[in-house]
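One structure is given here, and the rest of the page talks about it.
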Amino acid sequence: MSSPGPGRQQDSLKDVVEMLLDKGVVINADIAVSVGETELLGIRLRAALASFETAAQYGLEFPSGTDMRRVEEAAGVRGAVRGAS
């Protein structure tokens, strides 16, 4: 007898990581700590998790020192990659 619950198969960690890198994930967060009308702390967080190929296809910026020639070759997006010099 099967146990009650979702009928979907569980994905392995490998499958989940592969999907995240293939599709990409972007996190945007603005955090503000205020007392009354006075803002004491403001934080802006922008983070992206993606493979180099996915990031290049979406035009995300790369850190300095990245070998852009190799990224362009892997992504097949000649001249479209912005970011690192």
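The values are calculated or read from the model by the stated rules, or taken from the named source; none is laboratory data. Fair warning: this is a prediction, and the values are worked out from it, not measured in the lab. Here Cβ is always computed from backbone atoms with ideal geometry, including for glycine, and neighbour counts include all displayed protein chains. Just so you know, the surface numbers come from the protein's heavy atoms only, side chains and all, with ligands and any DNA or RNA stripped out. Shrake-Rupley method; radii C 1.70, N 1.55, O 1.52, S 1.80 Å.
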Residues located in region 2-49, provided they are in contact with a Leu (Cβ under 9 Å, 6 or more places away or on another chain) and modelled with pLDDT of 90 or more: Ala29, Asp30, Ile31, Ala32, Val33, Ser34
Residue satisfying all of: in region 8-65; in a loop (DSSP other than H, G, I, E, B) and touching a strand residue (DSSP E or B) at 6+ places or on another chain (Cβ under 8 Å); most open to solvent (accessible area, probe 1.4 Å) among these: Leu60
Being within 18 Å of Glu72 (Cβ to Cβ), more than 9 Å from the chain's Cα centre (by Cα) and among the hydrophobic types (A, V, I, L, M, F, W, C) is the filter here; which residues of region 22-59 pass it? Phe52, Ala56
Among the residues of region 38-65, write down those that are out of contact with any Gly (no Cβ under 9 Å at 6 or more places or on another chain) and more than 17 Å from Val25 (Cβ to Cβ). Thr38, Glu39, Leu40, Leu41, Gly42, Ile43, Arg44, Gly65
